[in-house]
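Note sheet for the following structure.
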Amino acid sequence: MANNNSISKVLSGILILFFLECSTGQLYPNYYYSSCPPVTDIVKTITESAIAYDTRMGASLLRLFFHDCFVKGCDGSVLLDDTTTFTGEKTAKPNNGTLRGFEVIDQIKQAVDEACPGVVSCADILAVAARDSVVTLGGPYWEVKLGRRDSRGASISKANKDLPTPTSSLTTITSKFADQGLSLKDMIALSGAHTIGKAKCVNFRSHVYKDSNKNRFFSGFRQSICPPVNGTGDDNLAPLDMITETRFDNSYFQNLVAFNGLLHSDQELFNGGPADLQVLLYSNWQEAFFSDFVEGMIKMGDIKPLTGSKGEIRRNCRKRN
Ligand code: HEM
């Protein structure tokens, strides 16, 4: 009898904790435990095959998540298409012509909705696809908290204002991250995402031609694929990490220490300022980078999620219901 009593007390304790977790509007990893058990497997399979087909896609999905979270929170707003009556964020300056991966998110959404119709948000799909991209390319694993809902709006003005640009100074970048509740340490660790992927000449031209804090040989190579005149070769691509472009590792920081950062904003992290020591640490110690990167990604994923009855679960990630 006493035994039964203690079991039921423990069970009700667990239930109370479970409901508290749900009702406080917090995100948690098991959110789809009963409503859509296969969701993580589906996202993983499709993300992996997208990367097998195009290695850069891993980088593009990671960037898409960052650009989602920094504008009104991680609410899938970046995925919304423009229409005649609706302006999304895709044509904002930091996004226009450089964001990729929307088709992969569509494909995942379709597969997830076939398994569990109308349950999983596009914002959560993006969060899991970003994690799976990092893992697939050799980076660290973390449990992604879930339960975000999708926005019914977007903000092109916030996308233009809140996202850092490649010409930003360290002070500006730091304050844009601080505005989102992210510390200098988070910012430096998260910038390590530039260990994968590419950038367009238009985004690194001024650094490789005009800045003085750069390695001469490196900038010479980059100049050879990026003509000096604005408007010529703007879309030519170069890897953000000259050492291991498709591997998620700490070589981005090794580049910075050797003044081989591709973007002005990259090299700002190692330019005699307050970020130098941490960059040096990560350049020598990959585990420290991985652990701080994971912490930063979890914090970034927590930026202003829509939970409870806010927002909606979109049927199509590109459109409001
Ligand atoms: C610190 C401030 C940051 C600035 C100024 C910045 C800026 C940029 C720019 C200009 C590009 C190149 C876009 C192009 O030309 O196609 C880029 C690419 C990329 N960014 Fe950032 N970024 C920053 C932080 C981050 C963060 C925090 C993440 C993710 C956690 C991230 C992930 C990426 C990835 C993975 C790419 C490569 C995308 C691809 O190849 O499709 N960036 N970033």
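The values are calculated or read from the model by the stated rules, or taken from the named source; none is laboratory data. Note that the structure is a prediction, hence the values are computed from the model and not measured. Glycine gets a Cβ as well: all are built from the backbone with ideal geometry, and neighbour counts include every protein chain shown.
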Point to revise | Answer residue from segment 132-150, given it is of a type in the set (Asp, Glu) and buried (at least 18 other Cβ atoms within 10 Å of the Cβ) and is farthest from the ligand (Cβ to nearest atom) among those | key: Asp150
Review point. Are there any pairs with C-beta distances below 9 angstrom linking a residue in segment 98-109 that is not assigned by TED's automatic domain parsing to the domain that holds Val202 and of a type in the set (Phe, Trp, Tyr) to a residue that is part of a loop (DSSP other than H, G, I, E, B) and away from the ligand (no atom under 12 Å from the Cβ), with the two at least 6 apart or on different chains, and if so which?
Key: Phe102/Asp81; Phe102/Lys90; Phe102/Cys317; Phe102/Arg318
Review point. Does segment 160-181 hold any residues that are within 9 Å of the ligand (Cβ to nearest atom), part of a loop (DSSP other than H, G, I, E, B) and not small (Gly, Ala, Ser), and which are they?
Key: Leu163, Pro164, Thr165, Pro166, Thr167
Review point. So which of Gly220, Gly153 is surrounded by fewer than 19 Cβ atoms within 10 Å (Cβ to Cβ), outside any helix (DSSP H, G or I) and more than 11 Å from the ligand (Cβ to nearest atom)?
Key: Gly153
Check your understanding: If we only count helices (runs of 4 or more DSSP H) wholly inside segment 36-142, which ones have 1 or more residues that are among the basic types (Lys, Arg), under 13 Å from the mean Cα position of the chain (by Cα) and over 19 Å from Leu306 (Cβ atoms)?
Key -> 57-69, 122-136
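I'm checking my understanding of the structure. Among residues of segment 286-310 that are away from the ligand (no atom under 16 Å from the Cβ) and assigned to a helix (DSSP H, G or I), which one is surrounded by the fewest Cβ atoms within 10 Å (Cβ to Cβ)?
Within segment 286-310, the subset away from the ligand (no atom under 16 Å from the Cβ) is 286-288, 304-310.
Then keep just the ones that are assigned to a helix (DSSP H, G or I); that gives 286-288.
Details: Gln286: 18, Glu287: 10, Ala288: 14.
Ranking the candidates gives Glu287 first.
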Review point. Is segment 228-240 home to any residue that is crowded, with 21+ Cβ neighbours inside 10 Å, closer than 17 Å to Leu137 by Cβ, within 27 Å of the chain's Cα centre (by Cα) and near the ligand (Cβ under 9 Å from one of its atoms)?
Key: yes
